[in-house]
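The values are calculated or read from the model by the stated rules, or taken from the named source; none is laboratory data. It should be emphasised that the depicted structure is a prediction, and the values quoted were computed from it without experimental measurement. As a convention, Cβ positions derive from the backbone with ideal geometry for all residues, glycine included, and neighbour counts pool all protein chains shown.
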Amino acid sequence: MMGLRNRLQVFSGSASVALSRKVCAKLGVKVGDIHIGTFPDGEIEIKINDDVRGADVFVIQSTCTPSNDNLMELMIIIDCLKRASAERVTAVLPYFGYARQDRKAEGRVPITAKVVANMITTAKADRVLTIDLHAAQIQAFFDIPLDHLYAAPVMIDYLQRLNIPNMTVVSPDVGGIKMARSYAKKLNAELAIVDKRRIGSRQTEVMHIIGDVAGKNVLLVDDMISTATTISEAVEVLRNEGAKNVYVCATHAVLCGTAIEKLTKVKPKEVIVTDTIPLNPSKLRPFIKVLSISDLLGETIRRIHNSESVSSLFI
């Protein structure tokens with residue numbers, strides 16, 4: 001174990017370069033030297049330029065768009081590190097892609113989150129570190145240790161500094177009640193729920209609000225903003241119910257398709273996200289606030305490396 005403690009190394013995949021630099025600054029180490037390129041036919045080419053023999057290595061890579069490329073890149077980096085005799089390899093996935101396919105919602109469909117978990121395990125990763133899984137049960141898909149962090153402490157610290165009066169925390173659907181309740185407790189706020197009915201795989205119909213939001217400043221809490229359909233519909237319904245200012249808080253800024261246009265149209269007071277997914281400058285808007293989870297990740301990596309408890313970070 002002393003060998004591990006003396007040899008902490010952090011490498012970045014191409015999806016998380018900026019975040020990895022911040023994490024390494026927190027840890028006081030350099031980002032590992034790695035070559036990531038492509039062969040003429042488009043296949044991914046990886047070479048580790050640092051000596052990793054006997055080291056405790058952390059690979060930071062979000063499996064965001066392009067999801068398949070970033071996922072395959074992660075697999076190859078893990079394999080490369082293991083073949084270079086790294087003592088332990090931890091796959092750090094700030095954003096775990098394919099998490100929405102976590103069960104068989106209908107016949108003849110895959111459980112892709114389980115497939116991805118199997119791939120990471122088969123690539124010989126020793127453990128996984130991730131943030132705000134879309135479905136908590138995905139933790140059970142892994143046969144290796146998994147540490148599941150929450151971005152809530154980072155979000156709540158920022159929200160407390162905003163000092164928003166007369167606040168009600170709202171879950172955009174029934175599935176997010178647990179997360180919303182946690183925010184409401186920490187922020188000393190009331191709780192409400194958007195009751196919605198899904199009418200298709202990509203379409204939802206918002207029904208009504210359970211709880212009182214009239215005259216309140218409202219905080220919509222979710223784990224991710226993908227197409228922004230659910231969030232934008234919820235913002236409109238909350239306004240119709242008499243909500244004053246509507247804030248949106250989500251860990252993962254997937255923001256695909258026309259998400260930015262939808263958010264711009266409904267004009268929330270502020271959309272608070274983190275840098276688990278690098279936000280393209282073209283998607284930045286005055287109402288979007290990006291918080292960094294680098295300190296949280298850095299502290300967790302330090303504790304794992306030193307075999308210290310990380311349970312106090314799971315809040």
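Values for this structure:
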quantity: Test: residue in the stretch 211-221 that is in contact (Cβ under 8 Å) with a residue 24 or more places away in the chain, β-branched (V, I, T) and assigned to a loop (DSSP other than H, G, I, E, B); calculated: yes
quantity: Hits in the stretch 298-315 - residues which are surrounded by 15 or more Cβ atoms within 10 Å (Cβ to Cβ) and farther than 23 Å from L187 by Cβ; calculated: G298, T300, I301, R302, R303, I304, H305, V310
quantity: Subset of the stretch 155-169 that is hydrophobic (A, V, I, L, M, F, W, C) and buried (at least 20 other Cβ atoms within 10 Å of the Cβ) - its residue that is nearest to M119 (Cα to Cα); calculated: M155
quantity: Meets criteria (closer than 28 Å to S226 by Cα, surrounded by fewer than 20 Cβ atoms within 10 Å (Cβ to Cβ) and either of a type in the set (V, I, T) or out of contact with any Pro (no Cβ under 8 Å at 6 or more places or on another chain) (or both)) for I60; calculated: no
quantity: Number of positions in the stretch 273-315 that are among the basic types (K, R) and within 21 Å of L8 (Cβ to Cβ); calculated: 2
quantity: Strands (runs of 3 or more DSSP E) enclosed by the stretch 108-190 - at least 1 residues per element that are more than 18 Å from the chain's Cα centre (by Cα) and more than 22 Å from S12 (Cβ to Cβ); calculated: 167-171
quantity: Residue list for the stretch 236-250, restricted to those being in contact (Cβ under 8 Å) with a residue 60 or more places away in the chain and among the basic types (K, R); calculated: K244
quantity: Top-ranked residue of the stretch 136-154 - restricted to ones that are under 15 Å from T276 (Cβ atoms) and of a type in the set (A, V, I, L, M), ranked as surrounded by the most Cβ atoms within 10 Å (Cβ to Cβ); calculated: L149
quantity: Hey, G107 under 25 Å from L296 (Cβ atoms) and either hydroxyl-bearing (S, T, Y) or not assigned by TED's automatic domain parsing to the domain that holds D275 (or both) or not; calculated: no
quantity: Within the stretch 60-88, tally of residues that are within 23 Å of T38 (Cα to Cα) and without any contact (Cβ under 8 Å) to a residue 60 or more places away in the chain; calculated: 17
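Results for (1) modelled with pLDDT of 95 or more; (2) farther than 15 Å from L220 by Cβ, shown as yes or no for each residue.
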position	(1), (2)
P145	yes, yes
V154	yes, yes
Q160	yes, yes
V170	yes, no
G175	no, no
